[in-house]
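Notes follow the structure.
The values are calculated or read from the model by the stated rules, or taken from the named source; none is laboratory data. Computed from a predicted model, the values in this text were never measured in an experiment. Counting neighbours? That spans all protein chains shown, and the Cβs are built from the backbone with ideal geometry, glycine included.
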């Protein structure tokens, strides 16, 4: 009978109007009815991504679309730079290595965004870099990267930019075409308020030229086929029909509210979350905090996993702990998709209770006062 | 306001108790709650597949699991035989070619099952064949293959057998371990009564040995990772959570009814469907008809696509037409998953109406009499 509150950066909560869409009677995918829905999805994703480039919808979670980017754009031995400052930057490194690319890893501190000068230096030192692989919001550290300028720097060296926007899309600003971002990858289970199982990839003409030369093996994630079929609002293989139907409804709702209005909303929620954490005597991990999630650092004497456990088991609130080197050191609270101010108030109220239980000292209610002030003040 | 009746061999209808499961509040996948559900899914799939081998659940539609079989078991230049007597046999050929295997295509007439002698001959002529790639129910022709004996013949030559059971599983008999089938691939949207978006792959020890030697690139479909994580009821990447939750409910319902009882039920429905077609003066395409679907041949003077269109647009009934060389020549009616006798009665009643519209002559009601007789007689 316990009520639950999902505050993790993916899966994030699915609102009832979308859960109802998921429960609709299934339709066949080789029909005009489905093609009309997929047409709406394509348009809706273009609006959300601020792009006129085609967007392919893949029936796989986000990592599948990341693999699609690698296996469709490159060939064995192609040199790429992967910006790695967290678990998802590392994922680019892993995928690119698995497909035998020549990967230059630009390692940065977990919690920092990449320095443009440093990126420029690496690009200058490495000739014939085909692409910079990077991340809009590095979910493991809740850090937003400066995609606009990363793209600019990459372009100066003739490299394309491939962005994992899986957790950032919808909260962190991304102007695909205006910034000249060549490839953007995203997924259904974060800002789009849906269950996991769908991913997307937008591809501009420069990236399409690379696709023509790619010699890596692929089939399920063959983007040439996906884009060719996509032109007629069709898919090469059976798509995850119910998720596509619900995605049309999600995009309609998001685009009606307005992407830019939502960016502002989430920026404010992010700012409020940071203030609330600081009011509890905690600090924010990231030097470039994302609008999609906040990573809160814990003092040495408190294991964050203990607080995560209390929140989940005792109070039904799911927040994320730290991964890899950040294990036990942080908690991560999402403000994305369907999560709103009231969810944050509720979450921080219980975080205060849990922190008290583990002996952390702070002024009771202080985080809530900050949330109210930043959000409504 | 038109009521619809989905009689296609995938997606097939999703019953309301599963649509309700799909609409449940989403849960996080890195929790005991989800791991318990995935444990049930693993056990349920083993029961359905009659195997003690581990089964990996992949968040992709069936073609993704077919690719996983190829990219995880083989290396460039490995010789395989692909039995190709329809669109899905051809898919094995395409995937294996895309991954640079040395593919020997055993072409058979569309609508026939492979001759064991012919397979034996090809195996004898080709040394060092690593695997026979084949299909339980070739959906495009509604033909069931003799997997038990194909496996036996392959084993005599030291080759493993990899079976696409995407549309056949749950209706066409398959005793994975007893028959010694090495790898079985399936999907969620056919006999399992769910939307598309999940696929499964069971792997025995002999296939695992091949996995150790495979040098093809993979990441999202890396089965070593999937099986290692699967041991602890976990997944390498974010799974399609809601589909997994609904799958647990589907497997529970199917296994409670009993897989063998369901085989008998669908055999009877298939037999009834064939009798009904013949009563209308039509014939059955396949010389080895499946229990999952029936392909009905049309006389030369009637385009099957016209009948498909009338059924769909005027009466809300979706049946499948023919693909590729069978375009306009057949219709395919599914009897799988949630489809029952009443659905067939309703479908044939409207098929009679549509056939009358296109000028085909038959005794009105004759197909319904046959259905009643075979099913209830």
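Taken together, the residues in the range A:204-219 that are surrounded by 19 or more Cβ atoms within 10 Å (Cβ to Cβ) and free of Cβ contacts under 8 Å to residues at least 60 places away in the same chain amount to 1. The residues listed here are A:175, A:133, A:194; of these, the one that is more than 14 Å from every other protein chain (Cβ to nearest Cβ) and either touching a residue at least 40 places away in the same chain (Cβ under 8 Å) or buried (at least 24 other Cβ atoms within 10 Å of the Cβ) (or both) is A:175. Checking each residue in the range B:43-63 for being surrounded by fewer than 19 Cβ atoms within 10 Å (Cβ to Cβ) and either facing another protein chain (nearest Cβ under 7 Å) or touching a helix residue (DSSP H, G or I) at 6+ places or on another chain (Cβ under 7 Å) (or both) picks out B:47, B:50, B:52.
Only a single item in (1) within 14 Å of chain A (Cβ to nearest Cβ); (2) surrounded by fewer than 18 Cβ atoms within 10 Å (Cβ to Cβ); (3) more than 23 Å from the chain's Cα centre (by Cα); (4) at pLDDT 95 or above is not met by residue B:23, and it is number (2). Scanning the range B:294-303 turns up no residue that is surrounded by fewer than 15 Cβ atoms within 10 Å (Cβ to Cβ), in contact with a strand residue (DSSP E or B) (Cβ under 8 Å, 6 or more places away or on another chain), free of Cβ contacts under 8 Å to residues at least 24 places away in the same chain and not assigned by TED's automatic domain parsing to the domain that holds residue B:169. You will find that of B:221, B:200, the residue that is under 30 Å from residue B:21 (Cα atoms), within 14 Å of chain A (Cβ to nearest Cβ) and in contact with a strand residue (DSSP E or B) (Cβ under 7 Å, 6 or more places away or on another chain) is B:221 and no other.
If you check A:250, A:240, A:246, A:295 for being within 14 Å of another protein chain (Cβ to nearest Cβ) and out of contact with any helix residue (DSSP H, G or I) (no Cβ under 7 Å at 6 or more places or on another chain), only one passes: A:240.
Taken as a whole, the range B:147-161 holds at least one residue that is in a strand (DSSP E or B), over 17 Å from residue B:286 (Cβ atoms) and touching a residue at least 24 places away in the same chain (Cβ under 8 Å). Is it fair to say residue B:8 is facing another protein chain (nearest Cβ under 8 Å) and over 30 Å from residue B:269 (Cα atoms)? No: the conditions fail for residue B:8. If you take the residues of the range B:64-96 that are free of Cβ contacts under 8 Å to residues at least 60 places away in the same chain and facing chain A (nearest Cβ under 9 Å), which of them is farthest from residue B:321 (Cα to Cα)? Per the criteria, the residue is B:95.
Taking the range B:84-135 as the range and being closer than 30 Å to residue A:75 by Cβ and assigned to a loop (DSSP other than H, G, I, E, B) as the test, the residues that pass are B:99, B:100, B:101, B:128.
All conditions but one from (1) more than 10 Å from chain A (Cβ to nearest Cβ); (2) assigned to a loop (DSSP other than H, G, I, E, B) apply to residue B:13; the one that does not is (1).
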